[in-house]
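Read the figures in this text as sums done on the coordinates, not as results from a lab. As the structure is a prediction and not an experimental result, all values here were calculated from the model. Positions of Cβ are generated from backbone atoms using ideal geometry, with glycine treated the same way; all protein chains shown enter the neighbour counts.
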Amino acid sequence: MTIEPIPADRFTIQELTDLYNQTRVDYLVPMPMNADRLGEYVHDFDIDLHQSCVARSDDGQVLGLSMLGFRRNTAWITRLGVLPASRRTGTGSALMDCMLENANTLGVKETHLEVIKNNEPAYKLFLKKGFVETDTYLVMRHAPRPLGDSLQGEVTWMDFETAIEKLSAYPKHLTWINACESMSNSPNTEGLYLSLPEGAGWLVYRNTKFTLRSTLSHLIMHTEQGDPVEVGTQLLSHLHTHYAHHDTYAENIHEHDPHLPAFEALGYFTNFSRIEMRRSM
Amino acid sequence: MARILYIEDIQDNITLVEKIVTSRGHDFLSARNAEQGLELAFTSKPDLILLDLGLPDADGQTLSVWLKGDPILSSIPILVLTAWPEEVVRQTVSAYNLNGYLCKPFALIDLVNTIDSILGAKTA
């Protein structure tokens, strides 16, 4: 079978959404999207739809898709998926080749991606294409629940501009999803700054409004001074006291993040893990 | 007999569960995403909600927070039907204060028994 890569911008967002959902129907962690969410995803994560691909067979059947994000010297491969009936036909490999060729054309120095831990077929494909594992990140959830009366310190709530200014000085690596560029692309980004007698730190997050309700996501925390667990516990306590009824989805928290005990103390639990992989071009 | 709302994005799953639920004499309603599900819960006041966790707008966890956070809807029991790994589902059901779960693929008799058990507990 000949597999032809078609630029994804020849398809509507609705068509891409339908295809993406069909590729994930039996996925380890199914995460369907609607067209609004995929459109937001394309915007927030700087997906270049012209460099992204839909795979098509020589008889015109659509087989799968993959998307390519592009920022300065780095590309990001995401949303790679093959329809269940088209697996083990070389479609995933062909999509990866297309992504790497397009990344090369863009002149990037490095390409990143993330794979859900235990998705062995995908992980092996990425190794075969020259990617190496770098770090493991946790995707965590927090349901609203009553908090103790233990708030400490002085809090300053940060608007979009102030939150992005803080985040731009973050000293560690952030994955593509939580990178400053991704947070800058979302109007829902905000934050809080905390001063304690023996510590200080900040938390930047997204407060996404749905038609009827809001939810918190994309948490990035930094301790400027003091014990990260103490500062982190107070940052999260202030956040969840202020937004007492919000569901929270914390993506890509590093598995060795010093604030992890604070997340756990506040009732966060791990939904799944992601492995970040990189390939020099 | 009870009114049961199933919030699930995959039509084949809806069709299967509808057959089981209606064969037991219950009224059946369905929604394909979280916002439709929330609206239908408001308008129909179901006796039980069957909830998939992977929904295309807000996911099932977030929707359960919206449902539990509303004084009119908060007492409606929620049974999770999902393909997620069982340990994650167990933690989710506990953290989100939901009423139970069945991991796909599940035996149809287990669905019938779990629905009967939750509805029985509600009316007891």
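Could you work out how far helix A:13-23 tilts from the main Cα principal axis of chain A, as a 0 to 90 degree angle to the nearest 10?
Orientation of helix A:13-23: about 90 degrees from the principal axis.
Please work out the Cα center distance from segment A:38-108 to segment B:87-124, rounded to the nearest Å.
Computed from Cα coordinates, the inter-centre distance equals 38 Å.
Compute the distance in nm between two label points, each set 7 Å from the Cα along the Cα-to-Cβ direction, one at residue A:4 and one at residue A:184.
For residue A:4 paired with residue A:184, the spin-label model returns 3.9 nm.
How far apart, in nm, are the 7 Å Cα→Cβ label points at residue A:227 and residue A:97?
Taking the simple label geometry, residue A:227 and residue A:97 are separated by 5.6 nm.
What nm distance separates the two modelled labels at residue A:37 and residue B:121, each placed 7 Å from Cα along Cα→Cβ?
Taking the two extended label points, one gets 2.8 nm.
Short version: ³J(HN,Hα) in whole Hz for each residue of segment A:65-78, in order, from phi by Karplus 6.51 cos²θ - 1.76 cosθ + 1.60 (θ = phi - 60°), x for Gly and Pro, what are they?
Coupling constants for segment A:65-78: 8, 8, 10, 10, x, 9, 9, 6, 9, 10, 10, 9, 9, 8 Hz.
How would A:46, A:59, B:59 line up from fewest to most surrounding beta-carbon atoms within 10 angstrom?
The most exposed by this proxy come first: A:59, A:46, B:59.
Work through the residues other than residue A:103 whose Cβ is under 14 Å from its Cβ and net out their charges, Lys, Arg +1 and Asp, Glu -1.
Charge balance in the 14 Å sphere: +1.
What are the ³J(HN,Hα) values, in whole Hz, obtained from phi via the Karplus relation 6.51 cos²θ - 1.76 cosθ + 1.60 with θ = phi - 60°, for each residue of segment A:147-157 in sequence order, with x given for Gly and Pro?
Per-residue couplings from phi come out as 10, x, 8, 10, 5, 10, x, 10, 10, 10, 7 Hz.
What ³J(HN,Hα) values, in whole Hz, does the Karplus curve 6.51 cos²θ - 1.76 cosθ + 1.60 give for segment A:181-194 when θ = phi - 60°, with x put for Gly and Pro?
Per-residue couplings from phi come out as 4, 5, 6, 5, 6, 9, x, 8, 6, 8, x, 9, 10, 10 Hz.
Cα-Cα over 28 Å: which of B:19/B:104; A:124/A:209; A:117/A:209; A:129/A:209?
A:124/A:209; A:117/A:209; A:129/A:209, as the Cα separations exceed 28 Å there.
Let me have the relative contact order for chain A, percent, based on Cα pairs under 8 Å that are six or more residues apart.
20
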